[in-house]
1. Check E263, E323 and return the single one that is among the charged types (D, E, K, R), outside the structural domain of F362 (by TED's automatic domain parsing) and over 20 Å from A358 (Cα atoms).
2. It is to be established whether one or more residues within region 349-358 are basic (K, R), surrounded by 12 or more Cβ atoms within 10 Å (Cβ to Cβ) and modelled with pLDDT under 95.
3. How about region 398-451: which of its residues are more than 26 Å from R387 (Cα to Cα) and of a type in the set (A, V, I, L, M)?
4. Check off (1) modelled with pLDDT of 75 or more; (2) surrounded by 14 or more Cβ atoms within 10 Å (Cβ to Cβ) for F174 and give me the number that stays unchecked.
5. State which residue is surrounded by the most Cβ atoms within 10 Å (Cβ to Cβ) when the search covers only region 446-461 and only residues that are modelled with pLDDT under 95 and not in a strand (DSSP E or B).
6. Name the residues in region 392-445 that are of a type in the set (A, V, I, L, M), closer than 19 Å to V332 by Cα and in a loop (DSSP other than H, G, I, E, B), would you?
7. Going through A238, A229, A213, A197 one at a time, which residue ends up being in contact with a Phe, Trp or Tyr (Cβ under 7 Å, 6 or more places away or on another chain), within 26 Å of G313 (Cβ to Cβ) and not aromatic (F, W, Y)?
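The values are calculated or read from the model by the stated rules, or taken from the named source; none is laboratory data. In this text the structure is predicted, and so the values were computed from the model without any measurement. Don't worry about glycine lacking a Cβ; one is built from the backbone with ideal geometry, like all the others, and counts go over all protein chains shown.
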Amino acid sequence: MPKVLVIDDSVSVRKVVERALDSLATTKGRKSLILVSQGFIYDPNLDEFKRVTQASRRANVAIYFLDTRGLGGLPSFASAEFGPAIDNRDIGAAFMDEMQAAEGSESLASDSGGFTVKNTNDLGRGIQRIADESRSYYLIGYNPTNTRADGRFRKIEVKVNRKGVQVRARKGYFAPLAGGKSALDRKPGPDPDIQSALDSPYEEDKIPLRMTAYVMDETLLGKAKVLLATDVDVRSFAFVEKEGRFTDTLEFLLVAAHRESGEYYRYDQKMDMKLLPETRERLSRGWMSVVRDFELAPGGYQAKIVVRDKNSGQIGTVVHEFEVPDLAQLRVSTPVLSDTLQKDPEGQQGPPRPALLARRTFPAGATLYCQFEVYGAAKDAKTGMPRVVAGYSIRGQGGQVLTEIAPSAINPTSLGKVSRLVGTPLEGATPGEYELVLTLKDDVAGKTLVIREPFRVEAGA
């Protein structure tokens, strides 16, 4: 599958393309990268162009450029809105500026063996053309006669002795420097392995992971508290036993990005683990939970976490997509489903709360806890408090009802907070798919919400 980049910032486009190409370098075979942009000017004096071309050669990636400017009409200087007509002697230079506006991105496509789709409003047909071409290709290698390690660009040309055939191939390559170095060696930056795993469109499965998102109450104006919970399987970690404890370091990088604006939030941390034997045994059965919070505005998001076992160097990644709803409407926090209770993580004195888990599989016979909060409920004119009733049922895949609790009023706190914690034994639940159906009604506003949370029951403890 081609990797698609939608980029409008011409200043950072080359660096982003280079990162994307590097993330594909370890994947075998020919790959395609589709750059969706308005293009950028070509400057042969910038090393970024050489870096991108070399990165595409190393990763065996053909770059295809989709020009989002669409079908071109008269240049802007020919429009009545432009102002007075330019001098006839300057028309040639003006046309040249228009042509060079996307020459940089077009040259990247041409030099890497791809092509450009421009002067059309039907970008879908262009993507189909790219897919058709990517189905068949040839890999050709040769030994150059010029063996000087001078770091210079060497042109190559591929010809086919057949009429009516068009050949698209790389225009050349950069020779190495003496001593095995490259003229384009990079400056020190982020950890290359973790950065490559973050940029890669493929998931790393050396460390099994699960992730989910919990959208909670509004914290800042127009932003909600979002908890990203990741379960990490530490059974494959290369723990080293020292003084009766098992030691290792869990390194992770977590990024949450807004799908439309591209704005992202980044969190990285190292967790030193010195586990007692019984703690390691418990984590091998239930996995380790990593929870981090973000403050996010409404919209669609994609989160990705990269986890590395420092002792072995093994890496795992997982991607999770979620929505932050409109905060001004009647809504419910993401219900927390769990079979484990824990003390309040914020250190407050109070009853235990369900542990935040990414898994949605629970053993038959366990108690399934569900906790949720209600936001945006209208307030009664007399009491100044909301009136919310809630009930729920647990149903199997075939519609059979395992449990059904009639709606009842939720007593708000003195501050008007509306929340509820319920627990249901899964006794008698046969292994399979289930759904917790939560029904809420705002009696003051007369609005009703129905929330469905799927989960699975498995046999045994």
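1. Numbers: E323 fails: over 20 Å from A358 (Cα atoms).
Every option except E263 fails the conditions.
2. Going through region 349-358, the residues basic (K, R) turn out to be 353.
After this cut, where a residue has to be surrounded by 12 or more Cβ atoms within 10 Å (Cβ to Cβ) as well, the list is 353.
Narrowing the set further to residues that are modelled with pLDDT under 95 leaves 353.
Yes: one or more hits.
3. Once the filter is applied, which keeps residues that are more than 26 Å from R387 (Cα to Cα) and of a type in the set (A, V, I, L, M), region 398-451 yields V401, L402, L426, A429.
4. All conditions pass for F174, except number (1).
5. A459
6. As a first pass, look at region 392-445 and keep what is of a type in the set (A, V, I, L, M): 394, 401-402, 405-406, 409-410, 415, 418, 421-422, 426, 429, 436-438, 440, 444-445.
Restricting the remaining residues to those that are closer than 19 Å to V332 by Cα gives 394, 405-406, 409-410, 415, 418, 421-422, 436-438, 440, 444-445.
Within region 392-445, L415, V444, A445 meet the criteria.
7. Values: A238 fails: in contact with a Phe, Trp or Tyr (Cβ under 7 Å, 6 or more places away or on another chain); A213 fails: within 26 Å of G313 (Cβ to Cβ); A197 fails: in contact with a Phe, Trp or Tyr (Cβ under 7 Å, 6 or more places away or on another chain).
Exactly one of A238, A229, A213, A197 is in contact with a Phe, Trp or Tyr (Cβ under 7 Å, 6 or more places away or on another chain), within 26 Å of G313 (Cβ to Cβ) and not aromatic (F, W, Y), namely A229.
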